[in-house]
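Notes follow the structure.
The values are calculated or read from the model by the stated rules, or taken from the named source; none is laboratory data. All values reported here derive from a predicted model rather than from experimental measurement. Glycine also receives a Cβ, built like all others from the backbone with ideal geometry; neighbour counts cover every protein chain displayed.
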Amino acid sequence: MEIRRVQVTGGASFVVTLPKEWAEEQKIKKNDPIGMTVQPDGTLLVTKNTTDEILQQIKEIDCSTVTDPAFLFRLLIGTYIMGFNVIRLTSKQGFPPYVRSVVRNFTQMTIGQEVVEETETLIAIKDLLNPAEMPLDNTIKRMFVIVKNMHKDAITGLETHNRILAEDVIKRDIDADRLNWLIARQTNMIMLHASLSRKMGISPDLAMHYYILSRIIERVGDHAVRIAEHTLPIIETDLDKKTLTIIKKASTMSLEIFDRSIVSFFNSDMKEANRNIESINVLESLCGEINNIVLKHDTMIAISLNYISESIRRAGEYAGDISETVINLLVEQERELKNKKIRI
C-alpha cells in the first residue's frame, strides 16, 4: 500500500496527490475530470470514468480451435457469466453445422443474449438486457418459487403415478439454471463496475451473498430433478400407505426448512435462521426411518426410494446452508454498522 499525506489548502479543502504511475497509465492530463465514489465500507474509489455507462467488453472466440460442441457451449456460458457485452465467434473457413446449433441453444438458455450479426465467417451475440432492470432480490424470489414447485411436483408425480409431471420437473431445471447464470453475471458486473452497484442499490458484498444463495437454490433444484428421475423407474408402483406417508412428511419438512430459510434472509432474522438449522436434525432422522422402511420392498424399488430419500434430505441440508449464509451476512452487516458509528 502506498501512503500519501493529506494537505489542506485554503483552510478548508483537503488535497492528496495521485500516484504518477497510475495517472500516466490512465493517460490523465492536466484539468482532466476524475470520478470519485464513496464505497459502502468507507473507502474512496477514484476512476477516470466519469459517466455511469458500462464500458463495452468484447470476447472473441475462434471456432476453428474449438471442435467439441459441449466445450463451445461452456465457453459461451463462461463468457456470459463473466459479464462480456458482445461475443464474436469467427471462423475463416466457415462454421461447421454444430456451431449455429450451439449458439441457438445458448441464446435460448440465457437471458438477454441475441444474435445481432451473422455471416459465413462471423456470428455476433450482444447483450440486450439492462442489468439494473433485473433486481437480484426479485430473481432470488423467482428461483425459490420455481425450485419449490419442482420439488412438490416431483413428490406429487410419485404419489399419483404421473409420468408427465415427473418429466416436466426435469425439463424445468433449465429455468432455475438460467436465473442462476444471470445472478452470477450480474454479480461479476457489479464487482467490475461501481456505477452498476449504485444503480442497483446493492453493495458488491451483498451481491456476492445473493450469488451464494442462487447457487444453493440451484442445487436444491438439482435434487428435485433427482427425485423426479428416480421416480420414473417406479412410477407404476403402488407404494404402501406407510411408505408414502413418511416420504411426504419428510418432503414437507424439507420444503418448510427451505421456505423459512428464504424468509429469514429477506426478514434479516438471525434467530429464525438459527432455529431453522436446528430443525435439520429432525429431517435427517425422518429420512433415516425411510431408508429402514423401504428395505421391505424389492431391490430396484428400494434403491429408487433410497435415492429419493437422500435427495429430500440433501435439499433440507442445502436450505440449512442458506440459513448459515443469513447468519454470516447479518454478522458482517452488524460489523459494518459498528464501524460506521466509530467513524462518525
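F95 - would you say it is of a type in the set (F, W, Y), in contact with a helix residue (DSSP H, G or I) (Cβ under 9 Å, 6 or more places away or on another chain) and over 18 Å from L192 (Cα atoms)? Against the criterion (of a type in the set (F, W, Y), in contact with a helix residue (DSSP H, G or I) (Cβ under 9 Å, 6 or more places away or on another chain) and over 18 Å from L192 (Cα atoms)), F95 qualifies.
For F266, indicate whether it is loosely packed, with under 15 Cβ neighbours inside 10 Å, touching a helix residue (DSSP H, G or I) at 6+ places or on another chain (Cβ under 9 Å), in contact (Cβ under 8 Å) with a residue 24 or more places away in the chain and on the phi < 0 side of the Ramachandran plot. Spell out how you get there, then give the answer.
Details: loosely packed, with under 15 Cβ neighbours inside 10 Å: yes; touching a helix residue (DSSP H, G or I) at 6+ places or on another chain (Cβ under 9 Å): yes; in contact (Cβ under 8 Å) with a residue 24 or more places away in the chain: yes; on the phi < 0 side of the Ramachandran plot: yes.
Yes, satisfied.
Would you confirm, using the coordinates I've provided, whether F144 is assigned to a helix (DSSP H, G or I) and exposed (fewer than 15 other Cβ atoms within 10 Å of the Cβ)? Step through it out loud before you land on a result.
Numbers: assigned to a helix (DSSP H, G or I): yes; exposed (fewer than 15 other Cβ atoms within 10 Å of the Cβ): no.
So F144 does not fit the description; no.
State yes or no: is E256 surrounded by fewer than 17 Cβ atoms within 10 Å (Cβ to Cβ), out of contact with any Lys or Arg (no Cβ under 7 Å at 6 or more places or on another chain), assigned by TED's automatic domain parsing to the domain that holds R172 and at pLDDT 95 or above? Against the criterion (surrounded by fewer than 17 Cβ atoms within 10 Å (Cβ to Cβ), out of contact with any Lys or Arg (no Cβ under 7 Å at 6 or more places or on another chain), assigned by TED's automatic domain parsing to the domain that holds R172 and at pLDDT 95 or above), E256 qualifies.
What about V147, is it at pLDDT 95 or above, within 18 Å of the chain's Cα centre (by Cα) and not aromatic (F, W, Y)? Here the answer is yes, as V147 does meet what is asked.
With respect to S197, determine if the residue is modelled with pLDDT of 95 or more and among the hydroxyl-bearing types (S, T, Y).
When the stated conditions are applied, S197 does not pass them.
Pairs meeting the criteria (first residue in the range 102-122 and assigned to a strand (DSSP E or B), second residue among the aromatic types (F, W, Y), beta carbons under 8 Å, at least 6 apart or on different chains) are Q113/Y80; Q113/F106.
Scan E334, E317, E272, E324 and give me the residue that is in contact with a Ser or Thr (Cβ under 7 Å, 6 or more places away or on another chain) and either of a type in the set (D, E) or not in a helix (DSSP H, G or I) (or both).
Answer to the check: E272.
Being among the hydroxyl-bearing types (S, T, Y), closer than 17 Å to E256 by Cβ and in contact (Cβ under 8 Å) with a residue 12 or more places away in the chain: is that true of S279 here?
On the way: among the hydroxyl-bearing types (S, T, Y): yes; closer than 17 Å to E256 by Cβ: yes; in contact (Cβ under 8 Å) with a residue 12 or more places away in the chain: yes.
Criteria met by S279.
For the range 165-187, the criterion of being within 24 Å of L44 (Cβ to Cβ), in contact with a Ser or Thr (Cβ under 6 Å, 6 or more places away or on another chain) and crowded, with 20+ Cβ neighbours inside 10 Å is met by none of the residues. Figure legend. Inter-residue proximity from the range 84-97: first residues in contact (Cβ under 8 Å) with a residue 40 or more places away in the chain, second residues part of a strand (DSSP E or B), beta-carbon distance below 6 Å, spacing 6+ or different chains. Indicated pairs: F84/K59; N85/D127; V86/I58; V86/K126. Confirm whether H209 is over 28 Å from S309 (Cβ atoms) and part of a helix (DSSP H, G or I). The answer is yes for H209.
Please work out which residue is modelled with the highest pLDDT, limiting yourself to the range 21-60 and to residues that are outside any loop (DSSP other than H, G, I, E, B) and in contact with a helix residue (DSSP H, G or I) (Cβ under 6 Å, 6 or more places away or on another chain). Show your work before the answer.
First, pick out the residues of the range 21-60 that are outside any loop (DSSP other than H, G, I, E, B): 21-25, 35-38, 44-47, 58-60.
Filter once more, keeping what is in contact with a helix residue (DSSP H, G or I) (Cβ under 6 Å, 6 or more places away or on another chain): 37, 45, 59.
On the way: T37: 72, L45: 76, K59: 95.
That would be K59.
Can you find a residue that is charged (D, E, K, R), over 27 Å from D175 (Cβ atoms), part of a helix (DSSP H, G or I) and touching a residue at least 24 places away in the same chain (Cβ under 8 Å) anywhere in the range 283-291?
Yes, that holds for at least one residue.
Here the condition is being of a type in the set (S, T, Y) and over 28 Å from the mean Cα position of the chain (by Cα); of T252, T243, it holds for T243 alone. When you look at I301, is it touching a residue at least 60 places away in the same chain (Cβ under 8 Å), surrounded by 22 or more Cβ atoms within 10 Å (Cβ to Cβ) and not acidic (D, E), yes or no? The answer is no for I301. Take the conditions within 25 Å of L76 (Cβ to Cβ), in the same structural domain as L72 (by TED's automatic domain parsing) and modelled with pLDDT under 95 and apply them to T121. Does it pass? Yes. Given the conditions (1) in a helix (DSSP H, G or I); (2) β-branched (V, I, T); (3) at pLDDT below 95, report the number of the one that I217 does not fulfil. So the condition that I217 fails would be (3).
Quick check: anything in the range 122-130 exposed (fewer than 14 other Cβ atoms within 10 Å of the Cβ) and acidic (D, E)? Walk me through how you get there before you give the answer.
We begin by selecting, within the range 122-130, every residue exposed (fewer than 14 other Cβ atoms within 10 Å of the Cβ); these are 122, 128, 130.
Next cut, acidic (D, E) only: none.
Looking for residues that are exposed (fewer than 14 other Cβ atoms within 10 Å of the Cβ) and acidic (D, E), one finds none in the range 122-130, hence no.
So which residues in the range 80-95 are of a type outside the set (K, R) and surrounded by 15 or more Cβ atoms within 10 Å (Cβ to Cβ)? Those that are of a type outside the set (K, R) and surrounded by 15 or more Cβ atoms within 10 Å (Cβ to Cβ): Y80, I81, G83, F84, N85, V86, I87, L89, T90, S91, F95.
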